[in-house]
Amino acid sequence: MGAHHFDYELDDRFFNAFEYSLIKSGNLKVDLELEKQETMLLLKFKVKGTVNLDCDKCLSEFAYPVNLYERQIVKFAEDELESDDEEIITLSRKDSEIDISEPLYEMINVAVPYIKNCEQADKECDQEMIERLEQLSIDKQGEENEQTSDPRWEALNKLKK
């Protein structure tokens, strides 16, 4: 009973353990406070560090800062019943261990923005790559594409005009 503290360091091996992980590398420190009570465990996570992401704009890699605080409730049950609440983890009273890797992985992934760009890490995008992408963009080649368009689409193009 009472509070217990655990410290973990997460690196590339942690993220590589999850198949199809969006995050491939990072360096994070986790401070976990586990408070054991009669009927449940209260897990308090403090995660701080950086994860390496690819910019959606210029495709370069950048270090994204992560600083989050989350709580997770783990309740004890007499038998291993599936909980209706996805927020709460259910453990049997016989269990003496809990695997926190999955909830920890989910917390970190939720902290990553949907659209990732270098500016979120106070870094400028790779201008050389942006210029290359602009040269290859469809807008600049639009005139060429109209001349070499597939004749099967011409009937639809007439409707568009």
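Quick look at the values:
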quantity	calculated
Ile115 being surrounded by 10 or more Cβ atoms within 10 Å (Cβ to Cβ), in a loop (DSSP other than H, G, I, E, B), modelled with pLDDT of 80 or more and among the hydrophobic types (A, V, I, L, M, F, W, C)	no
Every residue from segment 102-137 that is over 14 Å from the mean Cα position of the chain (by Cα) and either at positive phi or basic (Lys, Arg) (or both)	Asp122, Lys123, Arg132
Residue within segment 67-78 that is open to solvent by less than 50 Å² (accessible area, probe 1.4 Å), modelled with pLDDT of 85 or more and out of contact with any Pro (no Cβ under 6 Å at 6 or more places or on another chain) present	yes
Test: residue in segment 83-98 that is of a type in the set (Lys, Arg), open to solvent by 90 Å² or more (accessible area, probe 1.4 Å), in a loop (DSSP other than H, G, I, E, B) and free of Cβ contacts under 8 Å to residues at least 12 places away in the same chain	yes
Checklist (1) part of a loop (DSSP other than H, G, I, E, B); (2) farther than 30 Å from Lys123 by Cβ; (3) within 23 Å of the chain's Cα centre (by Cα) applied to Ile73, failing item	(1)
Test set (1) part of a loop (DSSP other than H, G, I, E, B); (2) surrounded by 17 or more Cβ atoms within 10 Å (Cβ to Cβ) - Lys57 fails condition number	(2)
Residue count, segment 18-49 (criterion: open to solvent by 50 Å² or more (accessible area, probe 1.4 Å) and either touching a residue at least 60 places away in the same chain (Cβ under 8 Å) or closer than 29 Å to Glu134 by Cα (or both))	2
Those residues of segment 1-14 which are touching a residue at least 40 places away in the same chain (Cβ under 8 Å) and in a helix (DSSP H, G or I), in sequence order	Phe14
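The values are calculated or read from the model by the stated rules, or taken from the named source; none is laboratory data. Keep in mind that what you see is a predicted model, and the values were worked out from it rather than measured. Cβ sites come from the backbone with ideal geometry, for glycine too, and all protein chains shown count toward neighbours. The area values use the complete protein model at the heavy-atom level, side chains included, leaving out ligands, DNA and RNA. Shrake-Rupley method; radii C 1.70, N 1.55, O 1.52, S 1.80 Å.
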